[in-house]
Structure formats: C-alpha cells, structure tokens
Amino acid sequence: MTQYAVIKKLTGPETAEVEVLRGTACGGDCGSCETCHYASKLRVEVKNELGAQPGDRVEIETQTSRVLGAAVLVYVVPFVLFFIGYGIAAALGLTEAQSIVVSFAFFAAGFVFAALFARRRKSRPITYEIRDIIGSEADAV
C-alpha cells in the first residue's frame, strides 16, 4: 500500500516523522463543516534510507496485507461475532430481547479480542518505508 506524505522532522539517522494526508469522503474540500479536513492528517514514523529532509514530499509504502489484516480484525470480526451470537442465542430458544443482548455481548467480545490481539502484536507494528522523494513543499506553492 503506497501513500503520499510530507516529512515533518527527522527522528533519527534513518528515521523520520511524516504527515500522511488521508483521503476523505468529501475530498477535504466540503467547506460546510471542515471537520473531516482536520481529521484527515496522520503522523507516523518511517524508515528514511533515502535521506529525505523536512519539507520533502515522499511516497511511503507498507505491506498491504498487514493493513488489511488490522482492518478486518477491528471492523469485521466484531460484526461477524454479533451475528454469530444472535444465531446461537436464537438456536438455544432465547427470546428476541435475550438474543439481542447475547449478540451485543459477542460484539463486545470481538472488540476485546481485537484489543488483546493488537496488544500482543505490538512487538511487530506496521512499518512504513520511504520509496521515493517526489519533491519539496516549496515546489507545490
């Protein structure tokens, strides 16, 4: 997965902090609320083996499978467990209200599972690497 970012500061001899501009539903140009505009920036640390300097626009890359795996864990697993919980409760002959309570318990368990799994995997965080230096912020003006 590749994204475009701007180097904000150097954090080590071969690492830097970048600001990634994420896409938004309105393209960040809705003008009516500007809420998504401020929430669309993300700062991450990247491997800077190319020697990019603060202000440089760069292309960064990470393993797509790692990003998609994290998204599935956080978004899909709790949702699937919600329906599994409802199905189990209904199969046991519980009332609809009880089935709904059980399904929400399974949903919450999915988030707990995701949090525990993420905590266990902190030793292997998602890493980003600079693939190309595109230019500097001064070039964009």
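Placing a pseudo-label 7 Å from each Cα along the Cα-to-Cβ vector at M1 and L92 gives an inter-label distance of 3.6 nm.
When nucleic acids and ligands are ignored and a 1.4 Å probe is applied, F113 ends up with an accessible area of around 100 Å².
Once the chain from K41 to V112 is taken as fully extended at 0.36 nm per residue, the excess over their C-alpha distance is 22.9 nm. I134 contributes about 80 Å² of solvent-accessible surface, heavy atoms of the protein only, 1.4 Å probe.
Residue ranking by accessible heavy-atom surface, 1.4 Å probe, largest first, among Y128, Y86 comes out as Y86, Y128. Annotation for A105 and E59: the two label points, set 7 Å from Cα along the Cα-Cβ direction, are 5.2 nm apart.
A simple spin-label model places the labels of A70 and T15 1.5 nm from each other, with each point 7 Å out along Cα-to-Cβ.
Taking θ as phi - 60° and the Karplus parameters 6.51, -1.76 and 1.60, the scalar couplings of the stretch 101-114 work out to 4, 5, 5, 5, 5, 5, 4, 5, 4, x, 5, 4, 4, 4 Hz in sequence order, x denoting glycine and proline. Annotation for the stretch 44-97: GluC sites (Glu not before Pro) lying in DSSP loop with at most 16 further Cβ atoms inside 10 Å of their Cβ are E49.
The values are calculated or read from the model by the stated rules, or taken from the named source; none is laboratory data. Here the structure is a predicted model, which means the values were calculated and not measured. With ideal geometry, Cβ positions are generated from the backbone for all residues, glycine too; neighbour counts draw on all protein chains shown. Areas reflect the complete protein model, heavy atoms only, side chains present, ligands, DNA and RNA absent. Shrake-Rupley method; radii C 1.70, N 1.55, O 1.52, S 1.80 Å.
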